[in-house]
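Below is one structure, written out as structure tokens; comments come after it.
The values are calculated or read from the model by the stated rules, or taken from the named source; none is laboratory data. A quick note: this is a predicted structure, and the numbers were derived from the prediction, not measured. Cβ placement follows ideal geometry from the backbone for every residue including glycine, while neighbour counts extend to all protein chains displayed.
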Amino acid sequence: MTIYRNFIGGEWIESASPKTIENINPANTGDRLGTIKLSTRDEAGKAVEAAYNAFKDWKNTPAPTRGKIVARAARLLEDNKEELAQILTREEGKTLAESRGELSRSINVAEFCAGEARRLNGETIQSELPANFAYTIKEPHGVVALITPWNFPVAIPVWKIAPALVAGNTIVFKPAESTPATAVRIVEIFEEAGLPKGVLNMILGAGAEVGDEIANHPAVKAISFTGSTATGLKLYQQVAGRGVKVQCEMGGKNPVVVMEDCDMDLAIESTAQGAFGSTGQRCTATSRAVVIDKIADEFVQKIVERAKRMRIGDGSNSETEMGPIVDEKQFRNVLKYIDIGREDGAEMLCGGKRAEGDGLENGYFVEPTVFDKVTPDMRIAQEEIFGPVLSVIRVKDFDEAMIAANDSQYGLTSSIFTSDPNLIFRFVQEIETGMTHINSPTTGGEAHIPFGGVKLTGIGAREQGSTALDFYTEMKVVYVDYTGRKREGNLY
Ligand code: ADP
């Protein structure tokens, strides 16, 4: 049985901790991939020290050279795409098609960031004084901590590691407890790509122990976190006193607004894809459908039919459309929210329980669930469930739809289904989300386009795209006076 090891200072080191957890295939709990040792705080501190010691040389390595290593990692991800996709499906449960998609996104991100290494430019600025000018330089912070969740265990680490490296930072990477196998492979790929020792370190363990240790370590100058809002906000508050740079990508409660002039079949397929794709475990998943009264009966009838047709099963089976929930804790949490929806008086039209059938006995499968007549004050309309549960909120008109859609503490993504261009632009103007989609699912994004949310979803600079390096760099402003004599007059 594999025992996953930490990567510290360029060495693969098994943790001395006696605490372990098993890495289990959520589609078949009898299938064990390996054992995770929950590292100690002391070991986490060693990972930070290794990153700290490697920083000066890495910072002084020309950015295009750093980029070449990231480009090599992109090629290695491509060469190992199928193997990684298989591990991802076995470890996290998503379908193989979804895993391959995640790998493609990761490769694209790494390629994009490698290119950015040749554009790590500043600006030159004219001075008010003769024979003077100023320019800006982008510099790395130092050691950055990257704390990631289990739902995109390849793409999210890659979209943090690649820009952090290109910018010249050294890294302590702390993956989610439940997805160590993909994390190890990613680090192996960056190692094989030629990273010097200590530039990328990985520590496996519990968030409350090693995550807490690295986040609160004085040598860590920036933290990029993706995960739950509760943990992100706690982290943000904890480290504020140190003036550390923080980027948090947290929860979502993403709405689709369905207008009476929409293409109904498109709206249904897109909503189903957004709500049940990746088993509803994307931060961009559709969890609320805000539907105009006049067409609500038709919408509800069709989305329920579609939900009932979802082929549930092991993600490694090519027929499967929806895999299991990632682990027992999440599985119980999703079932708990289904109970809450019922108790709060929403009408459950399908699903609502563990999925049963051939081959489903040993996995964490939940039936796609649709609640109708949900009101915005209900907990299932407000709280992130992270499972295949859709809440339909019926509204009178567009204005009421916007009030319902924006009635959320979260603001990651959204979409509208309509053929009216005026409504589309009013929607874009009024919707309170960091990203929005027109006549397409709330999910999906591209490597060269910024990603992130507003309100309690996002803190700090956007990830990916033209803004990918913003979080990982500091700006230095340089004033140059080449008169060779004392300055005359004052600059204010
Ligand atoms: P999820 O519900 O997706 O597991 P979490 O926010 O709990 O979301 O976890 C996201 C990441 O944050 C994981 O890598 C987890 O181990 C880590 N984490 C959890 N608690 C803490 C903490 N107190 N400090 C730092 N990292 C943490």
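Among the conditions (1) outside any loop (DSSP other than H, G, I, E, B); (2) touching a helix residue (DSSP H, G or I) at 6+ places or on another chain (Cβ under 6 Å); (3) under 25 Å from ALA47 (Cα atoms), the only one that GLU139 does not satisfy is (2).
Listed by first and then second residue, the pairs with beta-carbon distance under 7 Å, at least 6 apart or on different chains, first residue in region 295-317 and in the same structural domain as ASP358 (by TED's automatic domain parsing), second of a type in the set (Asp, Glu), are ILE295/GLU260; VAL300/ASP372; MET310/GLU321; ARG311/GLU319; ARG311/GLU321; GLY313/GLU319. Taken as a whole, the structure places PHE190 among residues that are away from the ligand (no atom under 11 Å from the Cβ), crowded, with 24+ Cβ neighbours inside 10 Å and assigned by TED's automatic domain parsing to the domain that holds THR65.
For region 225-277, residues that are under 25 Å from ALA404 (Cα atoms), away from the ligand (no atom under 12 Å from the Cβ) and part of a helix (DSSP H, G or I) total 14. The set of residues in region 196-219 being crowded, with 24+ Cβ neighbours inside 10 Å and of a type in the set (A, V, I, L, M) consists of VAL199, LEU200, MET202, ILE203, LEU204, VAL210, ILE214, ALA215. Among residues of region 37-57 that are on the phi > 0 side of the Ramachandran plot, none has a Cβ under 8 angstrom from a residue that is of a type in the set (Lys, Arg) and in a helix (DSSP H, G or I) at a sequence gap of 6+ or on a separate chain.
Among the residues of region 121-132, none qualifies, meaning not one is buried (at least 17 other Cβ atoms within 10 Å of the Cβ) and either more than 30 Å from LYS486 (Cα to Cα) or in contact with a helix residue (DSSP H, G or I) (Cβ under 7 Å, 6 or more places away or on another chain) (or both).
When only residues in region 238-282 that are among the aliphatic types (A, V, I, L, M) and more than 22 Å from GLU305 (Cα to Cα) count, which is surrounded by the most Cβ atoms within 10 Å (Cβ to Cβ)?
Per the stated criteria, the residue is MET250.
If you check ALA71 against the conditions, is it under 26 Å from the mean Cα position of the chain (by Cα), in the same structural domain as GLU213 (by TED's automatic domain parsing) and more than 30 Å from TYR364 (Cβ to Cβ)? When the stated conditions are applied, ALA71 passes them. In region 258-281 there is at least one residue that is outside the structural domain of PHE225 (by TED's automatic domain parsing), touching a strand residue (DSSP E or B) at 6+ places or on another chain (Cβ under 6 Å) and of a type in the set (Asp, Glu). Scanning region 448-491 for residues that are of a type in the set (Phe, Trp, Tyr), in contact with a helix residue (DSSP H, G or I) (Cβ under 8 Å, 6 or more places away or on another chain) and part of a loop (DSSP other than H, G, I, E, B) yields a total of 2. Given the condition out of contact with any helix residue (DSSP H, G or I) (no Cβ under 6 Å at 6 or more places or on another chain), over 26 Å from ARG105 (Cβ atoms) and of a type in the set (Val, Ile, Thr), answer yes or no: does some residue in region 430-445 qualify? No - not one qualifying residue is present in region 430-445.
Taken over region 91-103, the criterion of being assigned to a helix (DSSP H, G or I) and touching a helix residue (DSSP H, G or I) at 6+ places or on another chain (Cβ under 8 Å) is satisfied by GLU91, GLU92, LEU96, GLU98, SER99, ARG100, GLU102, LEU103.
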